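Read through the structure below, which is laid out as structure tokens, and then see the notes.
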Ligand code: FAD
């Protein structure tokens, strides 16, 4: 038996713990400062939309590509996971190509993307009836994940598999080695601390920074999932709309503010988000304007962005093996199964190395 401690209970930690727990040779403990049910600026996962709109380029598409089949399977077979299919429409304005949001969505906006053979129903649509500054439009079948249902669902699946959870804060990654529920030393630690990999002793990855996302959750139904490459309100302001499964309301986004740690929603940003959403999707309020939006809450989450891309690597820190799985930026859900499988391969490598000693 190998003892494994996963640090972090966001979508990365929970998915990794679930996949690990399916191996009968592994005993898994999850330790985390925040757990599903919490809404905290240090915990990105509950704030996500969350949908599947691929953003990686072809050489780095492994994680997102491998995740789609599992999200689609859950949407088809497990309604209790809180994931449903939605028709996604993506609008592109060439003038956004060099903006922060245009760069972020660069691969998503292609009319010939790598994922056209991954998601169902990919099509390039006519732009005839749209405003003059729309240069191309694509659509495909995506999913929207109700994070308030899905994160507890993952915890439930982990518990069923015998995973043990503990609310613990660590200051140094090596401390996790002493926190396995068996009382014995952990063989491997899996580091899924998201943005806090930048502050955690032994890791201190200062290339991880926030990409701040402000959102508004409303009761109104858009009828379709909509995203546009950018807005005229600022380089790092975007407009996306998605209805969550299971009565979760509709997320109106948003912003992509790199290096911004502000935890509180800005009222004028919120107003711009709502106005843009109504302009893009008048059906949200049946043409009655922004006043007819029924707001559930305003929110802010910090996407854990890593300059060089996600870190899925193993290393020995203070004599303890650590497998990293952090730095997913704005695609932590849509890459969750692929990244977790990558982490599992590294855990298996470590277990093999240790068994040879
Ligand atoms: P987190 O969810 O932040 O979890 C980190 C965990 O580590 C927490 O449990 C925390 O308590 C724990 N931890 C950290 N430090 C310590 C410590 N010292 N001791 C103990 N525990 C610790 N992604 C998509 O795929 N699709 C989307 O549509 C999408 N939309 C988004 C919209 C917004 C507004 C935001 C903010 C994000 C969005 N994302 C989306 C991105 C996605 O939410 C993140 O990539 C993902 O949630 C990161 O998950 P994580 O588990 O790595 O980190």
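The values are calculated or read from the model by the stated rules, or taken from the named source; none is laboratory data. Nothing here was measured: the structure is a model prediction, and the numbers come from that model. Cβ atoms come from the backbone with ideal geometry, glycine included; neighbour counts cover every protein chain shown.
Observations, loosely collected:
- Test: residue 251 is assigned by the TED database to the domain that holds residue 96, closer than 21 Å to residue 304 by Cα and touching a residue at least 60 places away in the same chain (Cβ under 8 Å): yes
- Restricting attention to segment 32-57, the residues being over 20 Å from residue 297 (Cβ atoms) and near the ligand (Cβ under 8 Å from one of its atoms) number 4.
- Contacts under 8 angstrom Cβ, first residue in segment 33-61 being free of Cβ contacts under 8 Å to residues at least 24 places away in the same chain, partner outside any loop (DSSP other than H, G, I, E, B), 6 or more apart: 38/46
- Qualifying residues in segment 318-336 (those that are closer than 19 Å to residue 195 by Cα and more than 11 Å from the ligand (Cβ to nearest atom)) - the one nearest to the chain's Cα centre (by Cα): 323
- Filtered by the rule that a residue be in contact (Cβ under 8 Å) with a residue 12 or more places away in the chain, away from the ligand (no atom under 12 Å from the Cβ) and under 26 Å from residue 322 (Cα atoms), segment 206-225 gives 207, 209.
- Remark: residue 72 matches the filter, which requires a residue to be over 15 Å from the mean Cα position of the chain (by Cα), modelled with pLDDT of 95 or more and more than 8 Å from the ligand (Cβ to nearest atom).
- Residue 194, sole failed condition from (1) in contact with a helix residue (DSSP H, G or I) (Cβ under 9 Å, 6 or more places away or on another chain); (2) farther than 21 Å from residue 310 by Cα; (3) surrounded by 17 or more Cβ atoms within 10 Å (Cβ to Cβ): (2)
- Complete set of residues in segment 313-344 that are assigned to a strand (DSSP E or B) and out of contact with any helix residue (DSSP H, G or I) (no Cβ under 8 Å at 6 or more places or on another chain): 315, 316
- The requirement of being within 14 Å of the ligand (Cβ to nearest atom) and touching a residue at least 60 places away in the same chain (Cβ under 8 Å) is fulfilled nowhere in segment 278-295; no residue meets it.
- Residue in segment 258-270 that is closer than 30 Å to residue 203 by Cβ and assigned to a strand (DSSP E or B) present: yes
- Here is the figure for segment 157-189: residues that are in a strand (DSSP E or B), within 20 Å of residue 199 (Cα to Cα) and either over 24 Å from the mean Cα position of the chain (by Cα) or away from the ligand (no atom under 13 Å from the Cβ) (or both) total 1.
- In segment 114-129, the residues that are in contact (Cβ under 8 Å) with a residue 40 or more places away in the chain form Cβ pairs under 7 Å with partners that are crowded, with 16+ Cβ neighbours inside 10 Å and assigned to a loop (DSSP other than H, G, I, E, B), at six or more places apart or across chains, as follows: 114/61; 115/54.
- Number of residues in segment 154-170 that are without any contact (Cβ under 8 Å) to a residue 24 or more places away in the chain and either touching a strand residue (DSSP E or B) at 6+ places or on another chain (Cβ under 8 Å) or not assigned by the TED database to the domain that holds residue 17 (or both) equals 1.
- Residues of segment 1-31 satisfying the condition of being near the ligand (Cβ under 7 Å from one of its atoms) and either surrounded by fewer than 24 Cβ atoms within 10 Å (Cβ to Cβ) or under 15 Å from residue 341 (Cα atoms) (or both): 11, 12, 13, 31
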